[in-house]
Amino acid sequence: MSNFADLMPDADLMELLGDDVIYIAKRPPGVAIKAIVDYDNQKVFAGESYVPQTNITVEALKADVPGVAKGSRFVHESRTLTVDAVLINDHTYLTLAVR
Amino acid sequence: MADTIRERIIQAFVQRAAKLTNVPVKRVERSTAESKQRFVSVWDLADQDAGSAFGQDKRQFGMGLEVIWQQTATNPSIEANALMGEITTVMIGSTTDKTFGGLVNSIRLTSSSPNYPDDGSNAITLTVIFTINYTTLAGDPYTAPAY
């Protein structure tokens, strides 16, 4: 009996769901890959008061982003996103905090 | 009705804090729109008894000065420490009127608490608490004693 993961390989899933981005490990021109870019609204508090802020994460297949590190870049819809930290690494996918 | 001494102190404090930003200082307002401008919000805290003298009520309250801004190129700790110095200078510096127009007996900077950006964020926050002592005529919160 086959399972879902076998029927839907990660590369196919990302091809289907991912946005078109350019990945630049260190210097241009970079490579075109698929990755999921998520814009999430959060609040930054200073005691009682807060400012809303857009937090951006990029989820990519680890194999698509060799050498990714703090300072690597993605270009998504003409906007350059710079990697700040690896939030999740399950050895297949990476979730990256960018700004 | 006239403003209480406490209210007049808060107004003077807010007015002075305006020097810290080029957008209006908020008073007990929790939020502003996402912005690159330095956001300053002032919070007056609990008022409590601080003793008495003949015909006078001595009182004390805290004033919170909350600031949120976007990190520029430098280290966030350096920026926060620079702002701590700026706040001290602007609010209670050696050339300022620490009586706020004869209303305040003493003002102390009690604490400065910076918080640094999360991963993927540029937002730095700083919460500064001042402790203010003031005096009114006994049972008359609208009138400061004449010295």
Item checked: Hey, B:S113 part of a strand (DSSP E or B), among the small types (G, A, S) and within 14 Å of chain A (Cβ to nearest Cβ) or not -> yes
Margin query: Quick test of your reading of the structure: A:L17 fulfils all but one of (1) more than 11 Å from the chain's Cα centre (by Cα); (2) within 14 Å of chain B (Cβ to nearest Cβ); (3) among the hydrophobic types (A, V, I, L, M, F, W, C). Name the failing condition by number.
Written below: (2)
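Table: residues versus (1) of a type in the set (F, W, Y); (2) surrounded by fewer than 16 Cβ atoms within 10 Å (Cβ to Cβ).
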position	(1), (2)
A:Y50	yes, no
A:T57	no, no
A:A60	no, no
A:G67	no, yes
A:G71	no, yes
A:V75	no, no
A:R79	no, yes
A:Y93	yes, no
A:A97	no, no
Checklist line | Candidate set: segment B:28-44, residues that are surrounded by 15 or more Cβ atoms within 10 Å (Cβ to Cβ) and under 13 Å from the mean Cα position of the chain (by Cα); chosen: the one nearest to the other protein chains (Cβ to nearest Cβ) | finding: B:S41
Next item on the list: Just give me the residues in segment B:101-147 being free of Cβ contacts under 8 Å to residues at least 12 places away in the same chain and hydroxyl-bearing (S, T, Y), in sequence order.
Entry: B:S121, B:Y147
Check: Under the condition of being facing another protein chain (nearest Cβ under 7 Å) and either among the small types (G, A, S) or within 21 Å of the chain's Cα centre (by Cα) (or both), which residue from segment A:42-51 is farthest from B:I68 (Cα to Cα)?
Finding: A:G47
Note to self: Filter segment A:25-44 down to the residues that are touching a Gly at 6+ places or on another chain (Cβ under 8 Å) and within 26 Å of A:D12 (Cα to Cα) and list them by number.
What the structure shows: A:A25, A:I33, A:K34, A:A35, A:I36
Next item on the list: Could you list all residues from segment A:2-30 that are in contact with a Phe, Trp or Tyr (Cβ under 9 Å, 6 or more places away or on another chain) and among the hydroxyl-bearing types (S, T, Y)?
Entry: A:Y23
Next item on the list: Might you let me know whether segment B:33-49 holds any residue that is under 30 Å from A:G71 (Cα atoms), at pLDDT 95 or above and touching a helix residue (DSSP H, G or I) at 6+ places or on another chain (Cβ under 7 Å)?
Entry: no
Next item on the list: Considering (1) on the phi > 0 side of the Ramachandran plot; (2) surrounded by 15 or more Cβ atoms within 10 Å (Cβ to Cβ), say which one B:G102 fails and leave the rest.
Entry: (2)
Notebook entry, point to check: How many of the residues in segment A:54-83 are within 10 Å of another protein chain (Cβ to nearest Cβ) and either under 24 Å from A:D10 (Cβ atoms) or in contact with a Ser or Thr (Cβ under 6 Å, 6 or more places away or on another chain) (or both)?
Noted result: 5
Item checked: Index of the failed condition, B:N81 passing every other in (1) of a type outside the set (S, T, Y); (2) part of a helix (DSSP H, G or I); (3) touching a residue at least 60 places away in the same chain (Cβ under 8 Å) -> (3)
Next item on the list: Being of a type in the set (F, W, Y) and in a strand (DSSP E or B) is the filter here, so list the residues in segment B:37-59 that pass it.
Entry: B:F39, B:W43
Notebook entry, point to check: Looking at B:T89, B:T135, B:T127, B:T110, which one is surrounded by 15 or more Cβ atoms within 10 Å (Cβ to Cβ), within 15 Å of the chain's Cα centre (by Cα) and not aromatic (F, W, Y)?
Noted result: B:T127
Checklist line | Enumeration of residues in segment B:51-68 that are surrounded by 13 or more Cβ atoms within 10 Å (Cβ to Cβ) and either at pLDDT below 95 or facing chain A (nearest Cβ under 10 Å) (or both) | finding: B:G64, B:L65, B:E66, B:V67, B:I68
Next item on the list: Could you tell me which of the residues A:A35, A:A5, A:A25 is over 23 Å from B:Y116 (Cβ atoms) and modelled with pLDDT of 95 or more?
Entry: A:A35
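The values are calculated or read from the model by the stated rules, or taken from the named source; none is laboratory data. Since this is a predicted model, take the numbers as computed values, not measurements. With ideal geometry, Cβ positions are generated from the backbone for all residues, glycine too; neighbour counts draw on all protein chains shown.
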